[in-house]
Amino acid sequence: MDVCTGAGGLALGLEQAGFDPVLVLDNKPVACETLRKNRSSWNVLEMDLLDFDPVEHQESYDVDLLSAGLPRVRSVATHGRTELGTELNLLRATVLLVHAVQPRALLVENVPGLVDAPEFADVRDFIQKELAHLGYEFSWFVVNAADFGVPQDRKQGVLVALKDNRATRYRPPEPCAAPRVTAGEALRASMSARGWTEADTWASGADSVAPTLVGGSENRGGADLGLSGSKKAWARMGINGNALSDEVPGPDGVQESDSSGSPLKKLTVAQTAILQAFPDDWHFAGLKTARARQIGHASPPPVGRALGRSIAEALEHDEVGAPAVRGTRPFHTEG
């Protein structure tokens, strides 16, 4: 079961790791439209997590894994933000849902600071007390999506909790042995799709992973690539981070929808999905800003796949070696 699913990056990665979702939940209509567009077989529930009652959705009981890619909690330094209460409430609601669902494993993905930053000590204490009371042991760690084939410097704080002796078998996923994929390598084909003659030159200069993509607040304006510090990092890669384009550069480098006069190129929404390592056939519902926000808020599928495989390995056998996984098919960890 996956909650606060958004555009489905975490759920998709877990599916690739062998998990069959019995229920995915999100409160945004456009995100649910995206999920149904791509996975008509998934049971998509459009509902606020705070209103979810597992008694009314008993398919959620006794699942192998409860996963949540939750809205990012913020530190005490940003207590003036009206969203803060909702973000923390969703995190607490996910942990409390464990009481009813009783999954064999819990996966929560959020900001890196949640793992060890002092300002989140009270939140961690609440989580750990609740899970320990229910018989779970837990692992806190940080992963960087760039270590799993995603062309982006994106650090994510992760909590994995498992019941009984399975926690002793759990090991966080190891980074890929292959070199990191640069933004230039990832976007070279799309940048040259309309015949831009300088695409190879641009790609050679964009020789590092991209900065972290952001989805932005629902209360902000149109789609862009983040705050001023991030935009400076994008500019060093030849990218104008102030807005997104409707098209990639033409043969002469012109993007018809760009009236900024800047020599820097703007990314398209489709290119941001490439930087999040979504597959080409994953389609996003909504207008440009809605699509960009879904993509920016998502967890990259390869990270979900790596986390799913690491959890599957801990769940795969019980104490005497017999398969312990419930569900309609076995876990697949190859490929």
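The values are calculated or read from the model by the stated rules, or taken from the named source; none is laboratory data. Quick caveat, the model's predicted, so the values are computed rather than measured. Note that we place each Cβ from the backbone using ideal geometry, even for glycine, and neighbour counts take in every protein chain shown.
A search for C-beta distances below 8 Å between a residue of segment 249-262 that is closer than 20 Å to ALA223 by Cα and any residue that is of a type in the set (Phe, Trp, Tyr) and modelled with pLDDT of 95 or more, counting only pairs 6+ apart in sequence or on different chains, returns PRO249/TRP196.
For segment 240-268, a tally of residues being part of a loop (DSSP other than H, G, I, E, B), of a type in the set (D, E, K, R) and under 19 Å from GLY184 (Cα atoms) returns 3.
Say whether the condition of being buried (at least 20 other Cβ atoms within 10 Å of the Cβ), at pLDDT 95 or above and more than 30 Å from VAL160 (Cβ to Cβ) is met by at least one residue in segment 210-220. No, segment 210-220 contains no residue that is buried (at least 20 other Cβ atoms within 10 Å of the Cβ), at pLDDT 95 or above and more than 30 Å from VAL160 (Cβ to Cβ). Checking GLU137 against (1) farther than 26 Å from PRO302 by Cα; (2) surrounded by 15 or more Cβ atoms within 10 Å (Cβ to Cβ); (3) out of contact with any strand residue (DSSP E or B) (no Cβ under 6 Å at 6 or more places or on another chain): exactly one of these is not met. Which one? GLU137 satisfies all of (1) farther than 26 Å from PRO302 by Cα; (2) surrounded by 15 or more Cβ atoms within 10 Å (Cβ to Cβ); (3) out of contact with any strand residue (DSSP E or B) (no Cβ under 6 Å at 6 or more places or on another chain) except (1).
When segment 166-209 is filtered for residues that are surrounded by 16 or more Cβ atoms within 10 Å (Cβ to Cβ), within 30 Å of ASP64 (Cα to Cα) and of a type in the set (Ser, Thr, Tyr), only TYR170 remains.
Taking (1) charged (D, E, K, R); (2) assigned to a loop (DSSP other than H, G, I, E, B); (3) within 18 Å of GLY6 (Cβ to Cβ) in turn, ASP280 satisfies each apart from (3). Being in contact with a Ser or Thr (Cβ under 8 Å, 6 or more places away or on another chain), modelled with pLDDT of 95 or more and at positive phi: is that true of GLY238 here? For GLY238, the condition - in contact with a Ser or Thr (Cβ under 8 Å, 6 or more places away or on another chain), modelled with pLDDT of 95 or more and at positive phi - is not met. Among the residues making up segment 297-309, those that are within 18 Å of ASN38 (Cα to Cα) and surrounded by fewer than 24 Cβ atoms within 10 Å (Cβ to Cβ) are HIS297, PRO302.
What do you reckon, is LYS232 in contact (Cβ under 8 Å) with a residue 60 or more places away in the chain and either more than 24 Å from the chain's Cα centre (by Cα) or over 19 Å from LYS288 (Cβ atoms) (or both)? Walk me through how you get there before you give the answer.
Details: in contact (Cβ under 8 Å) with a residue 60 or more places away in the chain: no; either more than 24 Å from the chain's Cα centre (by Cα) or over 19 Å from LYS288 (Cβ atoms) (or both): yes.
In short, no.
Restricting attention to segment 119-134, which residues are among the aliphatic types (A, V, I, L, M) and surrounded by 11 or more Cβ atoms within 10 Å (Cβ to Cβ)? Step through it out loud before you land on a result.
The first filter runs over segment 119-134 and keeps only residues among the aliphatic types (A, V, I, L, M), leaving 121, 123, 127, 131-132, 134.
VAL123, ILE127, LEU131, ALA132, LEU134, listed by residue number.
Of all the residues in segment 150-165, those that are surrounded by fewer than 19 Cβ atoms within 10 Å (Cβ to Cβ) and either polar (S, T, N, Q) or at pLDDT 95 or above (or both) number 3.
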